[in-house]
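A.B. asks: First the structure, then my questions, so here it is.
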Amino acid sequence: MRLTVELIENSLSYINPLKERELDLRGHKIPAIENLGIAKDQDAIDFTDNDIFSLSNFPFFPRLRTLMLARNRINHIQPTLASSIPNLTTLVLTSNNLSELADLEPLKNFQRLTHLVLMENPVTRKEHYRLWVIWLNPRIRFLDYQKVKDAERAKATELFGTHEEPSALASKIKGIKSRTFDVPSGGIDGTGRAPGEKPLRVKLTEKERKRVEKMIREAKSLQEIARLERELNEGRIPGGAMEGLEEEDSDRMQT
């Protein structure tokens, strides 16, 4: 289901226990963030239990302080996101698909972020994960519901140096980013990728590209398009594309 103006207007908005005006957008299988300009009177937005791949595409939203995005498919954070939501203090990203420490770099730009939750993302299993996040954004006071200690901040600086003069280890980590998958032409709409952002591409053969484009054009539902997008963003060629190629090759051999 697309995040339409109608969906936003018809969704529950209420004052939560923190005295914030919160918009409830849980559980709609939304694949991408869009049309949020109409929701600028909200202090908090709950996107839990959707199918969002990219944390991006926010309008300038200075009022927004809390974002909840647990149990989505997020594997990408827009590098310029902090300029759109500069006053964000709480970000919940439990159970998403962030994989590499370098994928978290955009978090360093949030000047007011104090509470961050990344539990049940693949990146949390990386060596130095907690210290890396603390180094990226020293303003964070609670990471994965645990208070950040001064000793951790000191250890992070010892490991990674300063942002002006990062250590060799920090430079190495910065160079290992997750691959995003992009169809070179006829791409999928609604990915949430900001204009001008250049994803790293996994090259398709001409046959594979044409087959994927055909699958997108012939998709019978938004859910099917979301599935294709998920597989592409995870760096996998959709199974249907491979099957189609095998069938075409078989037909040629018989003729």
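A.B. asks: Just one of (1) of a type outside the set (S, T, N, Q); (2) at pLDDT below 95; (3) within 16 Å of the chain's Cα centre (by Cα) trips up L67, so point out which.
C.D. replies: Checking L67 against (1) of a type outside the set (S, T, N, Q); (2) at pLDDT below 95; (3) within 16 Å of the chain's Cα centre (by Cα), the one that fails is (2).
A.B. asks: Out of L113, L107, L136, I need the residue that is out of contact with any helix residue (DSSP H, G or I) (no Cβ under 6 Å at 6 or more places or on another chain) and modelled with pLDDT of 95 or more. Which one?
C.D. replies: L113
A.B. asks: Could you list, in sequence order, all residues of segment 13-42 that are acidic (D, E) and touching a residue at least 40 places away in the same chain (Cβ under 8 Å)? I'd like the intermediate steps shown before the answer.
C.D. replies: Residues of segment 13-42 acidic (D, E): 20, 22, 24, 34, 41.
Result: E20, E22, E34.
A.B. asks: Residues in segment 127-141 that are touching a residue at least 12 places away in the same chain (Cβ under 8 Å) and either over 20 Å from L81 (Cβ atoms) or assigned to a loop (DSSP other than H, G, I, E, B) (or both): how many?
C.D. replies: Start the filter on segment 127-141 by keeping residues that are touching a residue at least 12 places away in the same chain (Cβ under 8 Å), which leaves 128-141.
Right, trim to either over 20 Å from L81 (Cβ atoms) or assigned to a loop (DSSP other than H, G, I, E, B) (or both) and you get 128-131, 137-141.
Qualifying residue count, segment 127-141: 9.
A.B. asks: Considering segment 139-155 alone, what residues qualify as being within 25 Å of the chain's Cα centre (by Cα) and farther than 16 Å from L91 by Cβ?
C.D. replies: Going through segment 139-155, the residues within 25 Å of the chain's Cα centre (by Cα) turn out to be 139-148.
Correct list: K147 only.
A.B. asks: From the list F110, F47, pick out the single residue that is closer than 23 Å to G175 by Cβ, touching a Leu at 6+ places or on another chain (Cβ under 8 Å), crowded, with 16+ Cβ neighbours inside 10 Å and among the aromatic types (F, W, Y).
C.D. replies: Values: F47 fails: closer than 23 Å to G175 by Cβ.
Within the list F110, F47, the selection yields F110.
A.B. asks: Ok, one more. Restricting segment 71-82 to residues that are of a type in the set (S, T, N, Q) and crowded, with 21+ Cβ neighbours inside 10 Å, which is nearest to E100 (Cα to Cα)?
C.D. replies: Taking segment 71-82 first, the residues of a type in the set (S, T, N, Q) are 72, 75, 78, 80.
Next, from what is left, pick out any that are crowded, with 21+ Cβ neighbours inside 10 Å: 72, 75.
Details: N72: 17, N75: 9 Å.
Restricting to residues being of a type in the set (S, T, N, Q) and crowded, with 21+ Cβ neighbours inside 10 Å, the top hit is N75.
A.B. asks: Also: Return only the number of the condition from (1) surrounded by 17 or more Cβ atoms within 10 Å (Cβ to Cβ); (2) in contact with a helix residue (DSSP H, G or I) (Cβ under 9 Å, 6 or more places away or on another chain); (3) within 15 Å of N109 (Cβ to Cβ) that I85 does not satisfy.
C.D. replies: (2)
A.B. asks: Look at T124 and say whether it is touching a Lys or Arg at 6+ places or on another chain (Cβ under 9 Å), β-branched (V, I, T) and either over 19 Å from T66 (Cβ atoms) or outside any loop (DSSP other than H, G, I, E, B) (or both).
C.D. replies: Working: touching a Lys or Arg at 6+ places or on another chain (Cβ under 9 Å): yes; β-branched (V, I, T): yes; either over 19 Å from T66 (Cβ atoms) or outside any loop (DSSP other than H, G, I, E, B) (or both): yes.
In short, yes.
A.B. asks: Here's something else I'd like to know. From the list R21, R63, which one is in contact with a Phe, Trp or Tyr (Cβ under 8 Å, 6 or more places away or on another chain) and either more than 21 Å from Q78 (Cβ to Cβ) or not polar (S, T, N, Q) (or both)? Before you say what the answer is, go through the steps one by one.
C.D. replies: Numbers: R63 fails: in contact with a Phe, Trp or Tyr (Cβ under 8 Å, 6 or more places away or on another chain).
Going through R21, R63 in turn, just one is in contact with a Phe, Trp or Tyr (Cβ under 8 Å, 6 or more places away or on another chain) and either more than 21 Å from Q78 (Cβ to Cβ) or not polar (S, T, N, Q) (or both): R21.
A.B. asks: Name the residues in segment 1-47 that are modelled with pLDDT under 95, of a type in the set (D, E) and assigned to a loop (DSSP other than H, G, I, E, B), would you?
C.D. replies: Result: E20, E34, D41.
A.B. asks: I'd like to know if segment 51-70 contains one or more residues that are on the phi > 0 side of the Ramachandran plot and either surrounded by fewer than 19 Cβ atoms within 10 Å (Cβ to Cβ) or hydrophobic (A, V, I, L, M, F, W, C) (or both).
C.D. replies: No: zero hits.
The values are calculated or read from the model by the stated rules, or taken from the named source; none is laboratory data. Note that the coordinates shown come from a computational prediction; the quantities given were computed from them, not determined experimentally. Because the Cβ atoms are built from the backbone with ideal geometry, glycine has one as well, and the counts that use them run over all protein chains shown.
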